[in-house]
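Have a look at the structure below, then the notes.
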Amino acid sequence: MSKKIIAVTGATGAQGGGLVRAILADPDGGFAVRALTRDPESASAKALASAGAEVVACDLDDETSVEKAFAGAYGAFCVTFFWAHFSPEKELAQAGAMARAAKKAGLQHVIWSTLEDSRRFVPLDDDRMPTLMGKYKVPHFDAKGEADKIYLDLGLPVTLLLTSFYWDNFIHFGSGPQKGPDGKYALTLPMGDKKLPGIAAEDIGRCAYGIFKGGGQFAGKTVGIAGEHLTGAEMAEKLSNALGIEVAYNAVEPAVYRSFGFPGADDLGNMFQLKRDFNEQFCAPRDPAFSRSLNPAMQDLDAWLAANASQIPL
């Protein structure tokens, strides 16, 4: 019997790469993977090809390219990467291109990696947090959430996948413990005493694979995933244990975080404020027990730190 082909956008990125590896790690699972990437000649793309993936060139800014890449597939994993360009409009355009290409290809299951549109919680005229770029509160959330309607209005068999804060950001995004002028380390977040749903980036792809294996039962549904919900103080304690240094939790106000000045600080300050102020609504869909049912290998923060703490820059 021929295997069902899953076309994976962002195949060399965190989420897509995790799904590619999950499919390749289960040769008897009934699925084959088509890894879509802008540059098939990159080292990461070549590594996927040597591991057994079909690697195909695909430019999300070119709808015809996406149509060709989706043709003949059973399903597709659709993801955008805001931080490459900081443009919600580009994300929305790419999401639409993928949705229309999925419709044209007659795909039987689509996963759209999305996030909440923060404007449902904090309208643009609400001054609790500043409006950014003229029409967003959390730009890297809002266009993704806005795009949900495109997938649903096309009548696609879509699963809307709500992801969580990547613990990998402690390594790559400068979100880990920082040394202060006093020589002491602190984890700085504007979350107060509220819990932050977190996940290992690799586990997002594994959960997506669980959704594809679940088939029709997840079509038309919104699914949230997380490995664990932890307060800033709890994360700081776990980081202290794993790193062998004392890490304090520095609970700043969102306005202070927005003022830090790094690219996207205002966006992330608003994001954390959204998660803090609407904590119950944000945590509720992201059930770790349900996530583990999709991905039995799901890591909690201690497990992720056991494997990755040595990579956290100090």
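The values are calculated or read from the model by the stated rules, or taken from the named source; none is laboratory data. Note that this is a predicted model, so its numbers are computed, not measured. With ideal geometry, Cβ positions are generated from the backbone for all residues, glycine too; neighbour counts draw on all protein chains shown. Accessible surface is based on the protein model in full, side chains and every heavy atom, while ligands, DNA and RNA are left aside. Shrake-Rupley method; radii C 1.70, N 1.55, O 1.52, S 1.80 Å.
Going through the stretch 1-16 one residue at a time, which ones are of a type in the set (A, V, I, L, M) and part of a loop (DSSP other than H, G, I, E, B)?
Result: 1, 11.
Residues of the stretch 121-135 being open to solvent by less than 60 Å² (accessible area, probe 1.4 Å) and touching a residue at least 60 places away in the same chain (Cβ under 8 Å), which ones?
Hits for the stretch 121-135 are 121, 122, 129, 130, 132.
Output the number of residues of the stretch 100-120 satisfying the condition of being under 19 Å from residue 224 (Cβ atoms) and either open to solvent by 60 Å² or more (accessible area, probe 1.4 Å) or over 20 Å from the mean Cα position of the chain (by Cα) (or both).
Count: 1.
Identify, please: which residue in the stretch 74-99 is among the aliphatic types (A, V, I, L, M) and surrounded by fewer than 23 Cβ atoms within 10 Å (Cβ to Cβ) and is, among those, farthest from residue 219 (Cα to Cα)?
84
Quickly run through the stretch 50-73 and pick out the residues that are within 15 Å of residue 38 (Cβ to Cβ), hydrophobic (A, V, I, L, M, F, W, C) and open to solvent by 50 Å² or more (accessible area, probe 1.4 Å).
57 - this is the single residue of the stretch 50-73 that is within 15 Å of residue 38 (Cβ to Cβ), hydrophobic (A, V, I, L, M, F, W, C) and open to solvent by 50 Å² or more (accessible area, probe 1.4 Å).
Looking only at the stretch 146-166, which residues are open to solvent by 30 Å² or more (accessible area, probe 1.4 Å) and touching a Leu at 6+ places or on another chain (Cβ under 9 Å)?
Matches in the stretch 146-166: 146, 150, 152, 157.
What pairs come out if I take residues in the stretch 167-191 that are open to solvent by 80 Å² or more (accessible area, probe 1.4 Å) and pair them with residues that are in a strand (DSSP E or B) whose C-beta lies under 6 Å away, six or more apart or interchain?
Matching pairs, first to second residue: 179/185.
Looking at the stretch 257-302 only, could you name the residues that are surrounded by fewer than 13 Cβ atoms within 10 Å (Cβ to Cβ), more than 26 Å from residue 203 (Cα to Cα) and not aromatic (Phe, Trp, Tyr)?
259, 261, 263
Select, from 246, 228, 202, the only residue that is open to solvent by 60 Å² or more (accessible area, probe 1.4 Å) and either at pLDDT 95 or above or in contact with an Asp or Glu (Cβ under 6 Å, 6 or more places away or on another chain) (or both).
246
Within the stretch 41-94, how many residues turn out to be small (Gly, Ala, Ser) and without any contact (Cβ under 8 Å) to a residue 24 or more places away in the chain?
Total satisfying the criteria: 8.
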